[in-house]
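Peer 1: Let me give you the structure first, and then I'll get to my questions.
The values are calculated or read from the model by the stated rules, or taken from the named source; none is laboratory data. What you see is a predicted model, and the numbers here were worked out from it, not measured in a lab. Counting neighbours? That spans all protein chains shown, and the Cβs are built from the backbone with ideal geometry, glycine included.
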Amino acid sequence: MEIKNQPGTEVEVDESLDLPEVQEGQEDTTDWKAEAQKLRDKAIAQRERTKALKDQLKEAKAKVETAVPPKTTQDASKASELDETALDYLDLKGVSESDDIKVIQDIVKKTGMTVRQALKDEYVQAKLTANKAQRDVQAATPSSTKRSGGNQGNDLQTAIAKYEQSGYDAKTLPDDFKTRSAIINAVAAKQSTNKPSWQQ
């Protein structure tokens, strides 16, 4: 008797009937009622064995399912997060800021790269450099307080320096249109090569 490993398949059974042979020219003295009873008993026994095997298979499947729980969406979100080993590796490499870690985590999640491969990626390196420059600019920019009585010219120079240090990133420009225009015009005037040397 053999059980196939595929779910829902039937168990193969021995279907030989073991009927008595009657040779030609002889009288058939077979007790067909007794033979039918034997076959019926054999079929009942086979059905019982098949049922018992199906029950065993169902129990085995249930044990496997409880041993290996299915992945939930919570498990998937945890898989996209970096584990402690990866965070320690990043810290060792000097990447400890949350925005830098988020960049690496997003790349790992989207591309399936390892953390080590993501750190070597040109896009990630450029993004980490840009983030560092932006943090440096923010750290160098004085916070506006009531006591800092800086004039408009000083604030404009600070904004121009911040814009230049960020690599001319438009996100570092202020929302005020007048100040934004003044910064862009000052940078354009500084970079213009058409002016005579005595005007610069």
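Peer 1: I'd like to know if the range 69-77 contains one or more residues that are closer than 30 Å to GLN125 by Cβ and either surrounded by 10 or more Cβ atoms within 10 Å (Cβ to Cβ) or modelled with pLDDT under 85 (or both).
Peer 2: Yes.
Peer 1: Please work out if ALA130 is modelled with pLDDT of 85 or more, loosely packed, with under 11 Cβ neighbours inside 10 Å and either in the same structural domain as SER181 (by TED's automatic domain parsing) or not β-branched (Val, Ile, Thr) (or both).
Peer 2: The answer is no for ALA130.
Peer 1: Here's a follow-up. Against the definition (in a helix (DSSP H, G or I), modelled with pLDDT under 85 and among the hydrophobic types (A, V, I, L, M, F, W, C)), how does VAL137 come out, yes or no?
Peer 2: yes
Peer 1: Looking at the range 83-104, which of its residues are surrounded by 11 or more Cβ atoms within 10 Å (Cβ to Cβ) and assigned to a helix (DSSP H, G or I)?
Peer 2: ALA86, LEU87, ASP88, TYR89, LEU90, ASP91, ASP99, ASP100, ILE101, LYS102, VAL103, ILE104
Peer 1: Write out, first by first residue and then by second, each pair whose Cβ atoms fall under 8 Å of each other, whose residues are 6+ apart or on separate chains, and whose first residue, in the range 79-108, is of a type in the set (Phe, Trp, Tyr) while the second is in a helix (DSSP H, G or I) and surrounded by 17 or more Cβ atoms within 10 Å (Cβ to Cβ).
Peer 2: TYR89/VAL115
Peer 1: Which residues, taken from the range 33-54, are under 27 Å from GLU21 (Cα atoms) and surrounded by 11 or more Cβ atoms within 10 Å (Cβ to Cβ)?
Peer 2: GLU35, GLN37, LYS38, LEU39, LYS42, ALA43, GLN46, ARG47 - these are the residues of the range 33-54 that are under 27 Å from GLU21 (Cα atoms) and surrounded by 11 or more Cβ atoms within 10 Å (Cβ to Cβ).
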